[in-house]
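Remarks on the structure that follows.
The values are calculated or read from the model by the stated rules, or taken from the named source; none is laboratory data. Note that the structure is predicted; figures quoted are calculated from it, not measured. Reconstructed Cβ throughout: ideal geometry from the backbone, glycine too, with neighbour counts over all protein chains shown. Just the protein is used for accessible areas: all its heavy atoms, side chains included, with ligands, DNA and RNA removed. Shrake-Rupley method; radii C 1.70, N 1.55, O 1.52, S 1.80 Å.
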Amino acid sequence: MTHPEEHSGTGPTRRTVLAIAGIAGVGVVAGCSSAQDAANGVVDSATSSAKEAVKQAIDKASIPVGGGKIFTDQQIVVTQPKAGEFKAFTAVCTHQGCLVSKVENGVITCGSPCGHGSEYDAATGQVKVGPAPAPLAEKKVTIGTDGIRVS
Ligand code: FES
């Protein structure tokens with residue numbers, strides 16, 4: 001008499017409900033991931049023009065004197081410390097790998113939203129202010145009639 005009651009009890013039913021809830025939970029997480037991927041796709045397409053610019057050669061006029069330009073897709077930063085003098089460095093900070101965020105007044109800064117305030121000399125890549133432990137690696141710059149190429 002007690003056997004049918006045990007089989008028809010709520011134990012297995014509760015487990016089934018929890019299992020379904022668990023699967024639903026995973027589904028929700030996966031949904032968030034997809035939304036994030038879509039957002040990343042938007043970011044990628046926004047930087048594709050920068051990628052194209054680097055492939056084709058960078059217009060010298062697009063690099064301000066005393067400043068620079070960050071190409072996030074290629075993870076490089078191109079600077080013009082003095083008129084007509086162009087330099088390029090990796091844009092990946094040596095502290096924790098964030099991309100540097102701005103270049104002005106001869107300084108490359110790794111700041112918000114990812115970095116922690118490290119500053120590098122825009123002419124040499126050397127650390128001016130930590131916590132970065134090492135300089136930005138310099139890239140080869142070639143200036144042709146069509147603009148600047150970085151390799
Ligand atoms: Fe650049 Fe921390 S990652 S300062």
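Scanning segment 93-128 for residues that are more than 9 Å from the ligand (Cβ to nearest atom) and of a type in the set (A, V, I, L, M, F, W, C) gives Val103, Val107, Ile108, Ala122, Ala123, Val127. Filter segment 111-151 down to residues that are of a type in the set (Gly, Ala, Ser) and under 24 Å from Ile58 (Cβ atoms), then give me how many there are. Qualifying residue count for the region: 9. Where strands (runs of 3 or more DSSP E) fall entirely within segment 74-151, those with at least 1 residues that are touching an Asp or Glu at 6+ places or on another chain (Cβ under 7 Å) and open to solvent by 60 Å² or more (accessible area, probe 1.4 Å) are at 127-129. Tell me yes or no: at least one residue of segment 82-101 is touching a Lys or Arg at 6+ places or on another chain (Cβ under 6 Å), of a type in the set (Ser, Thr, Tyr) and closer than 15 Å to Lys139 by Cα. The answer is no, given that none of the residues of segment 82-101 is touching a Lys or Arg at 6+ places or on another chain (Cβ under 6 Å), of a type in the set (Ser, Thr, Tyr) and closer than 15 Å to Lys139 by Cα.
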